[in-house]
Structures are given as structure tokens and as C-alpha cells.
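Data first, discussion second: the structure below is written as C-alpha cells.
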Amino acid sequence: MTTTQRLDADLLIPGKGDPIEKGALVWTGKTINYAGPHKDLPMEYRKLKASRHAVVMPGMWDCHIHFLGAEKLDMMAAAITSQALAGARCVPDLQAPLMAGFTSVREVGGYGAQLASAVDSGKVLGPTIYGSHSAISMTAGHGDVHSMPLDGLSALTAHGVPFTVADGVEGCTRAVRLQLRQGARIIKVCASGGVASEKVNPDHQQFSNEELKAVVDEARRSGRAVAAHCHGKPGVMAALQAGCLTIEHGSFLDDETIDVMLEKGAMLVATRAIIEGLLAMKEHLTPVMREKLLHVADAHSASYKLAVQRGVKIALGTDTFSSPKAGGTFGYGKNGQELLFATLAGLSPLEAIEAATANGPLTLGPQAPLSGQLRKGYDADFIAVESNPLDDISILADSSNVTHIWKGGSSVKSSS
Ligand SMILES: [Zn+2]
């Protein structure tokens, strides 16, 4: 029998809307029954024994993460790592974001779609995963593994390795179907070059308008939204015109691109954490990557600020792909850094929390679950923190400040 449980909180931050002082939260099994002021608690829940916490808010969403079992930023190494080894390496990598208060992730290029069932069954501890499987790339694009013979890469693709190269309307349509076959809940497409790939330029559009439209159309027929990796303006414009829901990174947004984002209701997942993470380790990057990083870093910061100022809907993603280096601030478990970066881009702490919670599921379009809010009928995913993140958002950046975590109504972390 599923039991009904209650907690009381000095402050309840619902994810969307104003914080509630002296709040209460009631849930049965995996679903919230009541979240609101303690004084309005329905009679039937008043006699439940309640635990008491300082601040309670929804579990957070990292809307841009990768689980590849990668030990370094090297696509070739990721592609040829055996899938069993990659899966085993992902076990602690899945656990770390959950323990930092991230109860859901949107995984946009990696083994997430495959790993989701291991998490759902309770075999592996981790956030609920909404995965894309591959990031679909054109030949010679951002998600191609340039140093590998193409036939070798397609053999790996056919065996479920999450790298898919496609060309032409037909090829792009089939590429979407290949991801659905792996359990994709979101489709990811590379609409411009990027920083981490060697031979591509972040300013260049990738895929033709027709190809991008084919990806979006096929995704839409299966109720999937499309996330577009793009930095430069031509890629952003093409992705938006094709109907992609989210712009990932968006390093060179200007008023014109933002007008189109607002008109289309597109969202920005800026991923500042990876830019800061790479800047901190720039001497270890290849000269080509370093040059591209320096090309996008300042523009990205200005672009993020402009998007916030103009009212683009923001969801948070970190682009985490590896474990943190000793003393580093980037890597699995450091995901809460992104809230701090969001406030540096101009969001208030309350807005940053909304971007990390209520806005997360919106990046999945029709696949969005009822999650990210403390609200009746929503997933019972929530966290407790010792002090008020509205006074100091950086407390969410340190996982040790997240003292309690409930996922699907069950306690997965309790430090007291
Ligand atoms: Zn990424």
C-alpha cells in the first residue's frame, strides 16, 4: 500500500510563483497531494506526522547533460569505448547530479535514453532521464567523429553507439527514427558547428533548412520536440525557422534572433557552466578548441544577458560530460553552479530557481511530465536545503547544502 506522507517547511519555494512561508507538502506514492500554506492544510492531512525542514523546493532539472562514460573531451575516445565500460562509468556519474538535487535530466547526446530503464527500475540511483540518444549531425558536422572512417562510425551507430550522422531529407527523417528506436524522448540536432569538435566552425550553419525541417517534422509526428545545438546566427535562425523548441548554447544571439525566439515561443538553454569549465582548463585544450572557446566565451555571456533582458524563457543546462577535476567547479554533481551563472546573466534568484525547476519539463514539449513544481498532481520530486537560496543562490551550487532529496516520493538522501 502506498502511504501518504507530509513535511512542513519554514519556506516552501514552489518552482513557479511566490515562496510560501510556513508551508506544508503532502504526497502519496509518487505524486504530490498538497503544497501550500500550513494554515490551509486539508483536515485529512493534519494528523499526519510531519518532518520539519528549513527550505523545501522542487528537485532541479539539468536540461543539457551527457552520459557517455567519457574520461576526457574526446569524441573519438567516447565513440570507441565499449558500451559495457561506458555504462559502468555512468553509474557514479548518474548518482552525482541526483545527490546535488537534480532529480531530472534532459540528456542530449549519450547513453541516457538507454540508461533510463536501469534508473527507472531502481537498479541504478540517478535522476529521471529524458534522453535524445545521439545528437544528430550532418556528415562533417559538430557531432561527426571526424577522425574515424565513416563506415566504422555507421557500424557503431547501428550497434547503438550514440553518434548519428545523416544527410538529405530522407537521411534526416531516418536519423530521427533511429533515435526513437533507442527510446528518445527529445530529438537533438546540431544546427551549427561547435567548440569541442575539431574541424567545424561554430559560426557556420549545419544542415540545410530542408534537412532541419525534416528532423522537426519527423519528431513532431511522434510527439517529440527538437533541441538545436547552435552558436552562430545562421544556425540559430535556421533552427528557429524549422521549428526547433530550444536553442542550446545560443552564443551569438542578437535582437533579430531574439525577436524570432519570442515570436516562436522558443527557449534558451544557455549552458554557461561548460564555457566557464573550459575557460578554467583552457591550457589543456587543443589550440583549435582553445581558439574557438575564446571566440564564443564573451559573446555567449552578452548573448545570455540580452536574452534574459528581452524575456526569452530560460531553462538551465550545464553540458556536463565528465567528473569534476580536483578542486574544479565543473562536472557531475556541480550542476547547481548553473543557477549562480543564471543570476550573473540577470535572472533574480527566484527566476533562476524557476528556470532550474518549473521550466525544465517545458523543454520536452509534448513529452513534458508534470514535474518541476510543488503542486497537486505533480511528481513528488523535491529537495530540502539548510538556508534560503533566495538570499544566496550559491548555496545550491554545493551539493552538501542539499540535505534531503526525495525522488518519486521516496527519500534518496537524508543527511540528518
Ligand atoms: Zn552538449
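The values are calculated or read from the model by the stated rules, or taken from the named source; none is laboratory data. No experiment lies behind these values; they were computed from the predicted model shown. Heads up, the Cβs are rebuilt from the backbone with ideal geometry, glycines too, and the neighbour counts pull from every protein chain shown.
Just a few scattered comments:
- Listed by first and then second residue, the pairs linking a residue in segment 303-319 that is within 22 Å of THR329 (Cβ to Cβ) to a residue that is surrounded by fewer than 18 Cβ atoms within 10 Å (Cβ to Cβ), with Cβ atoms under 7 Å apart and 6 or more places separating them unless they lie on different chains, are LYS305/GLY346; VAL308/GLY346.
- The condition of being within 23 Å of the chain's Cα centre (by Cα), assigned by TED's automatic domain parsing to the domain that holds LEU279 and more than 24 Å from ALA78 (Cα to Cα) holds for only one of GLY235, GLY168, GLY193, that being GLY235.
Quick grid of which residues meet (1) surrounded by fewer than 24 Cβ atoms within 10 Å (Cβ to Cβ); (2) of a type in the set (D, E, K, R); (3) under 30 Å from GLY110 (Cβ atoms):
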position	(1), (2), (3)
GLU21	yes, yes, no
THR28	yes, no, no
ASP40	yes, yes, no
ALA77	yes, no, yes
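- Residue check, GLN367 surrounded by fewer than 20 Cβ atoms within 10 Å (Cβ to Cβ), among the polar types (S, T, N, Q) and without any contact (Cβ under 8 Å) to a residue 40 or more places away in the chain: no
- Residue in segment 180-188 that is within 21 Å of GLN114 (Cα to Cα) and part of a helix (DSSP H, G or I) present: yes
- Note on segment 139-164: residues that are in contact (Cβ under 8 Å) with a residue 12 or more places away in the chain, aliphatic (A, V, I, L, M) and more than 18 Å from LEU180 (Cβ to Cβ) amount to 6.
- Complete set of residues in segment 337-391 that are under 16 Å from VAL402 (Cα atoms) and of a type in the set (Ser, Thr, Tyr): THR357, SER387
- Check on VAL145, part of a loop (DSSP other than H, G, I, E, B), within 16 Å of the ligand (Cβ to nearest atom) and more than 17 Å from THR246 (Cβ to Cβ): yes
- Residues satisfying the stated conditions in segment 300-320, i.e. out of contact with any Leu (no Cβ under 6 Å at 6 or more places or on another chain), assigned to a loop (DSSP other than H, G, I, E, B) and surrounded by fewer than 24 Cβ atoms within 10 Å (Cβ to Cβ): ARG310, GLY311
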